[in-house]
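What follows is one structure encoded as structure tokens, with my remarks underneath.
The values are calculated or read from the model by the stated rules, or taken from the named source; none is laboratory data. This is a predicted model, so every value here is computed, not measured. Every residue, glycine as well, gets a Cβ built from its backbone with ideal geometry; the counts of neighbours run over all protein chains shown. To get the accessible areas, we keep the full protein, side chains included, count just its heavy atoms, and leave off ligands, DNA and RNA. Shrake-Rupley method; radii C 1.70, N 1.55, O 1.52, S 1.80 Å.
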Amino acid sequence: MINLLKELCLTDSISGDESAVREMIIEKIKNFCEYKVDPLGNLICFRKGRKTSDKKVMICGHMDEVGFIVTGIRPDGTLAFDMVGGVDTSVTIGRQVTVGKNHLHGVIGSTAVHNLSKEQREKMPSMKSLYIDIGAENKEDTEKYISLGDCVYFDSEFTESGSHIKSKAIDDRAGCAMMIRLIQEQPEYDTYFVFNVQEEIGLRGSRVSAFSLQPDFAIVLEATTASDIDGVSGNKKVCSLGKGAVISFMDRSTVYDKELYRLAFDIARENGLPCQTKTMIAGGNDAGAIHITGKGIRTIAVSVPCRYLHSASCVINPDDFENSYTLVKKLSERIHEL
């Protein structure tokens, strides 16, 4: 599953332009299930299981990644840009990026530290003060290759080092990889799998797909913030690498189904799987839109703990990734007993 994750992470697809990763996913699942692409771009799949059930279950994750978009071309040929999704300025300065369909290489620049006043050095620069330098001579030179609205992606290698994997876009290509594997291996029961678009800019794809399918249960696959680093203690760590899948009881957009929450921990305990809870009420995911759609949908989120989320260097533990998959697979079977 690591090789699959690598392929997915290195395929550039920010919110609103998920076509590249969607086409890759289709190639992986087209011989195993029925599928369609809805008008917003969600990939909705039906996988026939070994059994049928009177309960309709949807497993979903989002295809999009955070990034940037070109908003202007300056006289010197550098690019003005804005965020697509929640990217903090501190993880952008000096980062290599690729721009547009031709994937031109560039770097996010800012005023040199030598030219800053003492007061300026003590403040984080605003995103509006940054620019992207692609090495063009002037505006006319840039306009040969770049147009307003072009997408900008973190330029990041996928690396494995001991007990860690580092890459961009692990949020939420980890969830996509798990769903592809579940589809290929055939679930115990008939299951709908949805690869949503535009999660990072407001849970937009999931609003549409959940309304379309109206399932009884939804299992949302995600990556969530791990702050298990030196100097952070107690519940502020949120979750930790190496301690298994993360099951949320509440975040900024959802109070999760209590019975499903308990069931996940029961399954983990019965199968000797490491499992942890999210210890801060923070963040959110597609569950926020799904659980209040239509008549209401019983929803649970299962996440891979991930350091440095929404950056070019997301970090996960491969054992957490594998254990999360196993938990989701068993949860998708047991949920039919409720």
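Points to keep in mind about this one:
- Values of log10 I(q)/I(0), in the order q = 0.08, 0.15 Å⁻¹, for the chain under a Debye, Cα-only, solvent-free model: -0.39, -1.22
- Using alpha-carbon coordinates, inclination of helix 318-334 to the longest axis of the chain, degrees: 40
- Taken as Cα centroids, the stretch 233-273 and the stretch 1-44 sit 27 Å apart, rounded to the nearest whole angstrom.
- Net +/- balance of residues flanking Asp150 in space, Cβ distance below 13 Å, scoring K and R +1, D and E -1: -2
- Using 0.36 nm per residue and subtracting the Cα-Cα separation, the extra length available between Ser313 and Arg181 on full extension is 45.1 nm.
- Kirkwood Rh (inverse of mean 1/r, distinct Cα pairs), the stretch 274-338, angstrom: 14.0
- Going by accessible surface with a 1.4 Å probe and the largest first, Met1, Met127, Met58 read Met1, Met127, Met58.
- For Lys55, the lysines whose Cα falls under 30 Å of its own Cα, not counting residues fewer than eight places away in the same chain, are Lys28, Lys30, Lys36, Lys258, Lys278, Lys295, Lys329, Lys330.
- C-alpha long axis of helix 204-213 to longest principal axis of the chain, angle in °: 20
- Estimated from the Cβ-Cβ distance and a Förster radius of 45 angstrom, the FRET efficiency linking Tyr145 and Glu337 is about 0.20.
- Other residues with beta-carbon under 13 Å from the beta-carbon of Asn317 carry, at +1 per Lys or Arg and -1 per Asp or Glu, a net charge of -2.
- The fraction of all Cα pairs in the stretch 175-225 landing in successive 5 Å bins from 0 to the largest distance is 4, 16, 27, 27, 18, 7, 1, given as whole percents.
- Helix-only CD estimate at 222 nm, as mean residue ellipticity for the chain, using -39500 (n - 2.57) per DSSP H run (n ≥ 4): -7500 deg cm²/dmol
- Residue list for the stretch 309-338, given a label point 7 angstrom along the Cα-to-Cβ vector of His164 and an amide N cut-off under 17 Å: 309-321
- Residues Ser126 and Asn3, FRET efficiency given R0 of 41 Å [Cβ-Cβ distance, rounded to 0.05]: 0.55
- Angle in degrees between helix 170-185 and the longest Cα principal axis of the chain, rounded to the nearest 10: 40
- Overall dimensions of the stretch 203-273, expressed as equivalent-ellipsoid semi-axes from the Cα gyration tensor (√(5λ), whole Å, largest first), are 26, 18, 11.
- Taking the inverse of the mean reciprocal distance over all distinct Cα pairs, the Kirkwood hydrodynamic radius of the stretch 183-324 comes to 15.8 Å.
- Accessible carbon and sulfur surface of the stretch 169-233 relative to its total accessible area, %, 1.4 Å: 45
- For the stretch 31-81, the fraction of 1.4 Å probe accessible surface lying on carbon and sulfur atoms is 53 percent.
- Antiparallel DSSP beta bridges within the chain, percent to nearest 5: 60
- Derived scalar couplings ³J(HN,Hα) [the stretch 139-144; Karplus, 6.51 cos²θ - 1.76 cosθ + 1.60; whole Hz; x for Gly, Pro]: 4, 4, 5, 4, 5, 5
- Figure note: Thr279, Thr254 ranked by solvent-accessible area, largest first, 1.4 Å probe, ligands and nucleic acids not counted: Thr279, Thr254.
- Inter-site label distance for Phe211 and Asp88 at 7 Å from Cα along Cβ, in nm: 3.4
- Residue-normalised accessible area of the chain, expressed per residue, 1.4 Å probe, Å²: 44
- For the pair Ser233 and Glu259, label points projected 7 Å from Cα toward Cβ lie 4.1 nm apart.
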